[in-house]
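What follows is a set of notes on a single structure, which appears directly below.
The values are calculated or read from the model by the stated rules, or taken from the named source; none is laboratory data. Since this is a predicted model, take the numbers as computed values, not measurements. FYI the Cβ positions are ideal-geometry reconstructions off the backbone, even for glycines, and counts take in every protein chain you see.
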Amino acid sequence: MTSSPALDQKGAQESGNQLDALSKRENSPAEPPKDELAGGNSLPSGWPLFMMALALSLATYIVALDQTIISPATATITDDFHALQDVGWYASAYLLTSTALQPLFGRLYGFFSLKLVFIASTAVFEIGSLICALARNSPTFIVGRAIAGIGVAGVYIGVLVIVSVMMPLDRKSLAGGLIGAIYGIGAITGPLIGGALTAKVTWRWCFWLNLPIGGVTLGIIFLFLHEPHRPQTESIPRRLMSIDWLGITLLHGSVISLLIALQNGGVRDAWGAGVTIAELVVFGVLLLGFVALQVFLGERAAIPVRLLKNRTILAATTHNFAIGATYFSLAYFLPIYFQAILGTSALGAGIHTLPLIVAVIIATIAANGAVTFVGYVPPFMIFGSTLASIGTGLLHLLSPTTSTGKWIGYQIITGVGVGTTYQLAYLASQTVLSAADVEVGTAIVIFSQTLGGCFFVSISQSIYQNRFLKYLAAVPGVDIPAVIAGGMTTFRATVPENLLPQVIVASNLALRDALAPSIALACLAFVAALFIEWKSTKGQKGVVATAA
């Protein structure tokens with residue numbers, strides 16, 4: 001859930017020419033942002049503030065809704081399209097584009113009109129949702145999810161920018177809690193709405209629902225978001241040329257190559273097959289090319305290496321990668337446990353995952369409030385990742401006979417852990433970023449979180465598919481091709497009754513193997529949290545632009 005159980009705020013550099021500011025930065029990480037008011041503009045108030053808050057709340061809501069509403073519908077979608085082999089792509093295509101394009105949007109918001117970029121991003125998200133709603137086959141649906149992910153990348157970053165320009169640093173954790181509450185409403189209602197629509201109407205309404213909400217958001221932003229004029233000495237073509245397009249292309253290509261290898265390896269193609277090896281080689285070559293290009297481009301890179309030399313930024317990025325991977329893996333595979341193993345409906349799966357989601361949301365709000373009071377981020381990140389490590393270990397024990405009390409308790413422990421720390425890496429990064437670095441620096445931290453989800457949903461799916469095939473081979477008399485050709489839950493209706501208990505056990509063992517990486521990832525998040533610098537958020541007044 002990006003993005004994520006909750007959103008944090010992001011500073012915006014609006015004073016003077018941004019390109020000049022970028023070119024004048026020193027090569028060492030600068031001190032925390034100073035208190036500036038761009039162009040003498042005051043913060044929004046009254047009716048404009050209310051309408052902007054409404055627009056940002058709606059934008060936050062549809063981002064959260066879109067990330068969680070599909071979870072209980074995934075199994076049914078694979079059944080309708082007879083595409084069990086594509087289930088990983090339903091999440092990964094969306095996460096791929098929403099992840100890899102975040103550094104790009106970090107640049108676009110700095111170089112161009114905040115309003116225009118945000119409106120364009122929302123429009124792209126709406127187009128992607130429309131394609132998903134109308135899709136008649138699995139490839140079309142995957143394309144729609146990828147396009148929606150592009151839009152979400154811009155909306156996600158845009159919300160962070162707009163909220164940040166309204167709040168000084170010492171209030172951002174409180175604002176983060178409030179935005180987190182809105183996100184929580186979307187995250188909590190998403191599985192319920194998705195399950196109800198899938199069971200009672202059709203899963204397609206999970207995507208039709210985005211259109212009116214996005215339309216209202218677009219209208220409010222168009223009418224009420226006003227920016228000061230930002231003088232630009234560079235032409236639009238020069239600004240576009242300054243963006244690291246090649247780096248973004250290399251990153252996309254490397255991730256796509258890896259995802260294809262993970263989706264097909266051991267299922268469609270053998271791991272030792274030439275095509276699989278070629279895909280992995282292409283991934284490695286493109287990734288190395290991307291890293292080399294970032295080093296070569298310096299400040300013009302999509303991900304300036306200079307920022308990663310800062311201990312807190314590197315630790316926050318690593319922490320977010322691990323926590324994002326942990327949460328997204330659980331969000332996509334726990335509903336499958338309830339449907340495929342326990343035999344619940346899509347709506348039932350949505351209800352059964354509420355302990356995890358509610359715990360995440362409550363913990364997110366509580367942690368942000370606690371940071372506002374205490375002023376330090378690291379202790380809460382350490383506490384949260386510790387609980388997440390324990391909770392994921394317990395979830396790995398799920399079986400067809402696990403009691404209701406246990407699977408509720410395991411989810412609550414995990415949810416409190418993930419929720420406590422999910423948002424705080426953003427705030428930790430802002431305590432060490434200069435005003436000129438805030439946009440790109442925060443985009444990097446966000447990028448790492450969704451990148452982790454993108455990678456490990458596909459890795460978990462690959463583990464599930466390969467292990468399921470292995471365990472099915474041990475069940476005498478089962479028609480393996482028929483089981484795989486169906487969907488995540490279809491086998492419960494097609495497998496002979498005398499073989500069904502063994503197939504369910506095989507699916508459960510594969511699912512436990514798929515969730516195993518989450519344990520190691522939560523532990524990695526704990527280690528990374530230990531390296532976050534203890535810098536107080538109190539008394540630091542971030543950079544203020546205008547949104548009045």
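Between a first residue in the stretch 467-482 that is over 13 Å from Val495 (Cβ atoms) and a second residue that is of a type in the set (D, E, K, R), which pairs have beta carbons less than 7 Å apart while being 6 or more apart in sequence or on different chains?
Close Cβ pairs (under 7 Å, with a partner that is of a type in the set (D, E, K, R)) amount to Arg467/Asp513.
Out of (1) over 30 Å from Thr431 (Cβ atoms); (2) not in a helix (DSSP H, G or I), the odd one out for Ile243 is which?
(1)
If you scan the stretch 402-424, which residues turn out to be under 14 Å from the mean Cα position of the chain (by Cα) and either small (Gly, Ala, Ser) or modelled with pLDDT under 80 (or both)?
Within the stretch 402-424, Gly419, Gln423 qualify.
Give the residue, chosen from Gly253, Gly324, Gly247, Gly289, that is surrounded by fewer than 18 Cβ atoms within 10 Å (Cβ to Cβ) and either under 23 Å from the mean Cα position of the chain (by Cα) or at pLDDT 85 or above (or both).
Gly289
What are the residue pairs meeting all of these: first residue in the stretch 117-141, first residue buried (at least 20 other Cβ atoms within 10 Å of the Cβ), second residue modelled with pLDDT under 95 and among the basic types (Lys, Arg), Cβ atoms under 7 Å, and 6 or more apart or on different chains?
What qualifies is Gly128/Arg145; Cys132/Arg145.
Answer yes or no as to whether Leu287 is within 15 Å of Ile248 (Cα to Cα) and in the same structural domain as Ser257 (by TED's automatic domain parsing).
Taking the combined requirement at face value, the residue satisfies it.
Farther than 26 Å from Gln411 by Cα and polar (S, T, N, Q): which single residue out of Thr326, Thr312, Thr353 fits that description?
Exactly one residue qualifies, and that residue is Thr312.
Mind counting the residues in the stretch 77-116 that are over 30 Å from Leu262 (Cα atoms), part of a helix (DSSP H, G or I) and over 20 Å from the mean Cα position of the chain (by Cα)?
Residues in the stretch 77-116 being over 30 Å from Leu262 (Cα atoms), part of a helix (DSSP H, G or I) and over 20 Å from the mean Cα position of the chain (by Cα): 5 in total.
Would you call Tyr410 of a type in the set (Phe, Trp, Tyr) and not in a helix (DSSP H, G or I)?
Taking the combined requirement at face value, the residue does not satisfy it.
Residue check, Gln449 against (1) more than 21 Å from Ile248 (Cα to Cα); (2) touching a residue at least 40 places away in the same chain (Cβ under 8 Å), all met but one. Which one?
Only one criterion in (1) more than 21 Å from Ile248 (Cα to Cα); (2) touching a residue at least 40 places away in the same chain (Cβ under 8 Å) is unmet by Gln449, namely (1).
Please work out which one of (1) touching a residue at least 12 places away in the same chain (Cβ under 8 Å); (2) buried (at least 16 other Cβ atoms within 10 Å of the Cβ) is the condition Lys309 fails and give its number.
(2)
Taking the residues in the stretch 381-396 that are touching a residue at least 40 places away in the same chain (Cβ under 8 Å) and of a type in the set (A, V, I, L, M) as candidates, determine which candidate is nearest to Tyr327 (Cα to Cα).
Ala388
What residue, among those in the stretch 340-378 that are touching a residue at least 60 places away in the same chain (Cβ under 8 Å) and part of a loop (DSSP other than H, G, I, E, B), is nearest to the chain's Cα centre (by Cα)?
Step by step, filter the stretch 340-378, then rank; the result is Thr353.
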